[in-house]
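A quick write-up on the structure given underneath.
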Amino acid sequence: MSEKAADRAPSDFAPLSGPVDRGAVRAYESDNGFAPTDGRSGGFGVVVGVVLGGVAAFVIALPLALVVMLASPVLEQLGVNMSSDRVFQIAFLGAATLIACLAWFIVKDRRRAGEERYRVSRFAAANGLEFVPRIADPESPGMIFGIGGDRVASEVVRLARPRPVEIANYRYVQKTAKTHETFSWSYVEITLERRLPHIVLDSRRNNSPALGSNLPVPLATAQRLSLEGDFDRYFDLYCPEGYEADALYLFTPDVMARFVDTVAEFDIEIVDDRLYLYSHGSRPLSGTDPATWEWVFATIDVLDAKLERWERWRDDRLAEPDDGVSASTANPTPGIPRGVAPQGRRLKHRIPVLAVLPLVVMVGIWFVIPLLESLTGGD
């Protein structure tokens, strides 16, 4: 389900909040390969659900009844006297009620998710935007797209005004031997007319006080560049070593001011010919909140006004790869080809502290135990 990308900002937000037909939602979910979200799984599914719920209630009720019976002497002193059968009946009904409430909340949440997907698709259609329900393993160069498994971009909305833009939600799963953790993001992707050096702006506002940056990939600190003014209060900027002058050309004071005013809550990545705004958390950018969509498109307009200067950038290293001189200029030599030299295409990563902590602990124990043995043996 898609339409040609529009070249103007959307103006019709009514589909995001207007009433929806449940039959239309079910048809949309079925046509796009989503599981039913209205709890209608057929007679067999209902029977299976009741049987499994009963078994789960029985399993939960047994320990609850045992606890109550063990506490029966105390209950008798309080004037409460119940037979073991009565205790089990109450425990079973309580467990069954708990399971039924949980199932109701799950069905309600799935129904809400289905309606939101349908509303976003109608919003895109009403405004002439291209809409894709979901993309498995999206081929994008951004840092969040090459991590984990079960990678899916969903509620993908695209437009071309004047550069191709994509707004979507995204999730991936990181699996270990014992855990499966799902990470949820939203992003705005703007396609540029030329490739630029790999630059990341790590927002300070969304960092954890205890763990620091929420970037999924830790970057080598030697690549951090301090910029003028109070920009460093809002972002940590990383650029490849040797590309400091290029970063200063791209991030002029007026560009820095625009970023602080409009996207200080977001992590930002420039990689190849893409500019990404990343939002990590529960609030999706591609959702049913009209105010969020208005803000997204206003932000795109603000950034569009500043990207023309970026697209005049040239990498002098491609013309003179052996001279060791950096400094791309505002008036590039016409003979310099478009692109980025290999050393500027990707930032260097660092090993996370949590990854080496177990090794440090093991080495510490390896040294401490013999030391303690020698001390106690000396006594």
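Screening residue 139 on (1) open to solvent by 40 Å² or more (accessible area, probe 1.4 Å); (2) under 17 Å from the mean Cα position of the chain (by Cα); (3) more than 30 Å from residue 318 (Cα to Cα); (4) among the charged types (D, E, K, R) shows it passes everything except condition (3).
Note on the stretch 246-260: residues that are open to solvent by 20 Å² or more (accessible area, probe 1.4 Å) and free of Cβ contacts under 8 Å to residues at least 40 places away in the same chain total 4.
Filtering the stretch 113-133 to residues that are open to solvent by less than 10 Å² (accessible area, probe 1.4 Å) and either polar (S, T, N, Q) or touching a Gly at 6+ places or on another chain (Cβ under 8 Å) (or both) leaves 120, 121, 127.
Do we have any residue at all in the stretch 176-184 that's among the β-branched types (Val, Ile, Thr), touching a residue at least 60 places away in the same chain (Cβ under 8 Å) and on the phi < 0 side of the Ramachandran plot?
Taking the stretch 176-184 as the starting set, the residues that turn out to be among the β-branched types (Val, Ile, Thr) are 176, 179, 182.
Filter once more, so that each one left must be touching a residue at least 60 places away in the same chain (Cβ under 8 Å): none.
No, that holds for no residue.
Taken over the stretch 151-172, the criterion of being open to solvent by 40 Å² or more (accessible area, probe 1.4 Å), in contact (Cβ under 8 Å) with a residue 24 or more places away in the chain and under 14 Å from the mean Cα position of the chain (by Cα) is satisfied by no residue. Can you spot a residue in the stretch 228-245 that is assigned to a loop (DSSP other than H, G, I, E, B), without any contact (Cβ under 8 Å) to a residue 40 or more places away in the chain and not acidic (Asp, Glu)? Scanning the stretch 228-245, I find at least one residue that is assigned to a loop (DSSP other than H, G, I, E, B), without any contact (Cβ under 8 Å) to a residue 40 or more places away in the chain and not acidic (Asp, Glu), so the answer is yes. When the stretch 285-313 is filtered for residues that are at pLDDT 90 or above, of a type outside the set (S, T, N, Q), open to solvent by 10 Å² or more (accessible area, probe 1.4 Å) and part of a loop (DSSP other than H, G, I, E, B), only 289 remains.
Among the conditions (1) buried (at least 20 other Cβ atoms within 10 Å of the Cβ); (2) within 24 Å of residue 126 (Cα to Cα), the only one that residue 268 does not satisfy is (2). Please tell me if residue 281 is exposed (fewer than 10 other Cβ atoms within 10 Å of the Cβ) and modelled with pLDDT under 85. Here the answer is no, as residue 281 does not meet what is asked. Within the stretch 173-202, being open to solvent by 20 Å² or more (accessible area, probe 1.4 Å) and among the aliphatic types (A, V, I, L, M) holds for one residue alone: 177. Exactly one residue out of 201, 215 is more than 13 Å from the chain's Cα centre (by Cα) and under 29 Å from residue 318 (Cβ atoms), and it is 201.
The values are calculated or read from the model by the stated rules, or taken from the named source; none is laboratory data. The structure presented is a predicted model; accordingly, all values stated were derived computationally and were not measured. A quick note on method: Cβ atoms are made from the backbone with ideal geometry, for glycine too, and the neighbour counts reach across all protein chains shown. Areas reflect the complete protein model, heavy atoms only, side chains present, ligands, DNA and RNA absent. Shrake-Rupley method; radii C 1.70, N 1.55, O 1.52, S 1.80 Å.
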